[in-house]
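Here is the structure we will look at, set down as structure tokens.
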Amino acid sequence: MKNKLLSIQEAVEAYTWDGMTYCNGAALPVGSCSIAFGKEMVKQGRKNLNVICHCGSQQINLLAAVGAVDRVEVGFSGLEVYGFAAGLNRAVSSGKTLIEDYSNGAMALRFFGGAMNWPFVPATVCIHNDQQWCSADHPEEYPCTRKIPEITDPFTGKKYGAMRTIRPDVAAIHVTMADIYGNAIMLGTEWNRFEMSRASGKVVLVADQIVHTDCMRQYPNLVRIISEVVDAVVYWPYAAWPQASPGLYDSDEEHMFYMNKMMKTEADTREFCDQWVNSWNSHEEYMALIGEDKIVKISQTATAFLMDPYRKWIRSDAEIRELQSRTKG
Amino acid sequence: MEYTKQEFMAITTGREIKDGELIILGVGLPMLAGYFAQLNHAPDLRPFTEGGVYGSTPVGGLPWGIECNRISANATSFTNAIDALGFLVLSGRADNAVIGAAQVDKYGNVNTTGIWDEPPWKAGKYLPPKVRLNGSGGASDISVGCKRYLIMASHEKRRFMERVDYISSAGYLDGGDRRERCGFVGGGPAAIISTLGILRPDPQTKEFWLDAYFPFTTIDEVKNNTAWELKVSPDVKIVPEPTAEELKNLRTVDATGSLRKNG
């Protein structure tokens, strides 16, 4: 097996480009999402993105706020109890970003269909409502018949819809822990990550912890993302911050509200990027920015016990640095 | 007894939930109503979230999201969206659900997607909204698949509309047997619980009428805050006030007091 460790800069350089179809997994608005990876995309100036979200998160909120997103497909675009996604909504209302709406269940099925390499999936949802009749890709047509066309069940003659499946160019998937080969264990709901990892052309894992492969051998049933479908592994503790990672840290309530508030205007978004996106390169700098007090606070999570079975396999920073240097050799 | 309208609405919604039901709870008020019911009168309720978090109860207050650590600290299973929204909801297996609404119309159609000056159905085209909301999330799946479900909404004229701007989650569409003809596996919305009372669908026309109102309001006030000509049930009732026990249970679930913050 191949050691797939890359730095976050290398991974963004190698696996993202302007105009790509990009998937941010798990894209949970409060929980798991590869947010640090999205920040690095902003730093490297990626633009004209077609983002497949499933749910919104602070990642799509930021990418849309800086004007990097032309189009987004989504089941839910908000930040749940943290409010509407101000940056994304600004981009949508101004017409900068086209938004194509589906249901959350539909997004999951479309990933599943993509993983199967099917052309479409039959839809019992997103039909007979505006998710079928309204298409941002065909705005002049209402009710739209091209987004989710009607199909006939060949066995019963009943009418349903056909939804396009999803095959993104690249998915950057946040996971709790991975080994250096790309086997991963996720704590908390996996949401769409199982299907997404098989539907995407390339997969980059953004892992809060790197563990020994012996951990995977102890819990093989829990390894839902397998090295066979993974291209790169980025080690980045607190990668989902200010969102949560079950077992490791809670969402940063103060920063969640603050970040969303700053996404409301272009000027504030620039200020936010200066302070929180463009101001770090190394992981040490990233951690210093979050601040020690905050790290301690969000790490005192009621879910910490979920990590207990895995702790003995966690690799140290020094070990990972050594392994990372070997990737380059 | 001191309580807020939001608390009364959550308790009223909770009373609609039966013990033993397999129920999917959306984030925010719906979750509070559901977990209140579990603590108050439905110990064998089987709640889950659309991410596939099973067997848990909130820890430390209202969860920030359906996947928040506050709902992940004592789960018996974590699965995924295909499982929760597909196998359990779209399949027709789940008994009940609670969803929110920015706008709801007289047939229980819900809009959570956007607000337009001229909505798509009037304009004949789909332009960007004046205000983008969140989209349907799992509520559209719930509206198709759950055996029945409950809608919670703030009772204002701009929200209780003759026709919503955008149907994110289909209720009875344009009424009568239209929903059945669409072939949806689930039964549709059983009630709208608002900040003023409870609306239920007429069994034939499926138009929502006033079934009960809160003791602090009047039938006229409810009508004045509804944009369609609201019919009133012949045996319209007054919703019983929260008991001390109910309030205690609700506040145990709402440990951070989110329902007491804005009256």
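Here's the yes/no breakdown for (1) hydrophobic (A, V, I, L, M, F, W, C); (2) under 18 Å from B:S168 (Cβ atoms):
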residue: B:N74; (1), (2): no, no
residue: B:N80; (1), (2): no, no
residue: B:L88; (1), (2): yes, no
residue: B:A94; (1), (2): yes, no
residue: B:A102; (1), (2): yes, yes
residue: B:T112; (1), (2): no, yes
residue: B:W116; (1), (2): yes, yes
residue: B:K122; (1), (2): no, yes
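Hey, among B:T49, B:T76, B:T57, which residue is within 9 Å of chain A (Cβ to nearest Cβ) and either touching a Cys at 6+ places or on another chain (Cβ under 8 Å) or β-branched (V, I, T) (or both)?
On the way: B:T76 fails: within 9 Å of chain A (Cβ to nearest Cβ); B:T57 fails: within 9 Å of chain A (Cβ to nearest Cβ).
After applying the criteria, what remains is B:T49.
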Residues being on the phi < 0 side of the Ramachandran plot, facing chain B (nearest Cβ under 7 Å) and either crowded, with 24+ Cβ neighbours inside 10 Å or not in a helix (DSSP H, G or I) (or both): count how many of those fall in the stretch A:56-91. 7
If you take the residues in the stretch B:193-215 that are surrounded by fewer than 24 Cβ atoms within 10 Å (Cβ to Cβ) and touching a residue at least 60 places away in the same chain (Cβ under 8 Å), which one is nearest to B:I99 (Cα to Cα)? B:T195
Looking only at the stretch A:271-329, count how many residues are away from chain B (no Cβ under 14 Å), in contact (Cβ under 8 Å) with a residue 24 or more places away in the chain and polar (S, T, N, Q). 4
Per the filter on the stretch B:45-85, residues of a type in the set (S, T, Y) and assigned to a loop (DSSP other than H, G, I, E, B) are B:T49, B:S56, B:T57, B:S72, B:T76, B:T79
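Only one residue in B:P189, B:P201, B:P215 is more than 17 Å from the chain's Cα centre (by Cα) and modelled with pLDDT of 95 or more. Which one? Before you say what the answer is, go through the steps one by one.
Values: B:P189 fails: more than 17 Å from the chain's Cα centre (by Cα); B:P201 fails: more than 17 Å from the chain's Cα centre (by Cα).
When all the criteria are applied, what remains is B:P215.
Every residue, every condition in (1) aliphatic (A, V, I, L, M); (2) within 11 Å of chain B (Cβ to nearest Cβ), yes or no:
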position: A:T124; (1), (2): no, yes
position: A:N129; (1), (2): no, yes
position: A:E140; (1), (2): no, yes
position: A:C144; (1), (2): no, yes
position: A:H174; (1), (2): no, no
position: A:A178; (1), (2): yes, no
position: A:N183; (1), (2): no, no
position: A:E190; (1), (2): no, yes
position: A:E195; (1), (2): no, yes
From A:D179, A:D101, grab the single residue that is touching a His at 6+ places or on another chain (Cβ under 7 Å) and closer than 29 Å to A:G38 by Cα. A:D179
Unique residue being under 19 Å from B:T113 (Cα atoms) and of a type in the set (D, E, K, R) when the list is B:E162, B:E207: B:E162
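Only strands (runs of 3 or more DSSP E) wholly contained in the stretch B:86-164 count here; list those with 1 or more residues that are closer than 19 Å to B:K223 by Cα and away from chain A (no Cβ under 12 Å).
Values: elements: B:96-100, B:103-105, B:149-153.
So the answer is B:103-105, B:149-153.
Given the residues B:N262, B:N224, which is the only one that is of a type in the set (S, T, N, Q) and either touching a helix residue (DSSP H, G or I) at 6+ places or on another chain (Cβ under 8 Å) or modelled with pLDDT under 95 (or both)?
On the way: B:N224 fails: either touching a helix residue (DSSP H, G or I) at 6+ places or on another chain (Cβ under 8 Å) or modelled with pLDDT under 95 (or both).
Among B:N262, B:N224, only B:N262 is of a type in the set (S, T, N, Q) and either touching a helix residue (DSSP H, G or I) at 6+ places or on another chain (Cβ under 8 Å) or modelled with pLDDT under 95 (or both).
Looking at A:A178, is it out of contact with any Leu (no Cβ under 7 Å at 6 or more places or on another chain) and crowded, with 24+ Cβ neighbours inside 10 Å? Step through it out loud before you land on a result.
Values: out of contact with any Leu (no Cβ under 7 Å at 6 or more places or on another chain): no; crowded, with 24+ Cβ neighbours inside 10 Å: yes.
Considered against the rule, which asks whether it is out of contact with any Leu (no Cβ under 7 Å at 6 or more places or on another chain) and crowded, with 24+ Cβ neighbours inside 10 Å, A:A178 comes out as no.
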When you scan the stretch A:251-259, do you find a residue that is modelled with pLDDT of 95 or more, in a loop (DSSP other than H, G, I, E, B), under 19 Å from the mean Cα position of the chain (by Cα) and not hydrophobic (A, V, I, L, M, F, W, C), even just one? yes
Within the stretch A:17-34, which residues are part of a loop (DSSP other than H, G, I, E, B) and over 16 Å from B:P63 (Cβ atoms)? A:W17, A:D18, A:G19, A:M20, A:A26, A:A27, A:C33, A:S34
Only residues that are closer than 20 Å to A:A304 by Cβ and not β-branched (V, I, T): list them for the stretch A:181-233, please. A:A184, A:M186, A:L187, A:G188, A:E190, A:A207, A:D208, A:Q209, A:C215, A:Q218, A:Y219, A:L222
Out of curiosity, is B:G61 surrounded by fewer than 24 Cβ atoms within 10 Å (Cβ to Cβ), at pLDDT below 95, of a type in the set (G, A, S) and more than 28 Å from B:L199 (Cβ to Cβ)? yes
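The values are calculated or read from the model by the stated rules, or taken from the named source; none is laboratory data. Predicted model only: the values in this text are computed from it and were never measured. All Cβ positions, even for glycine, are placed from backbone atoms using ideal geometry, and neighbour counts span all protein chains on display.
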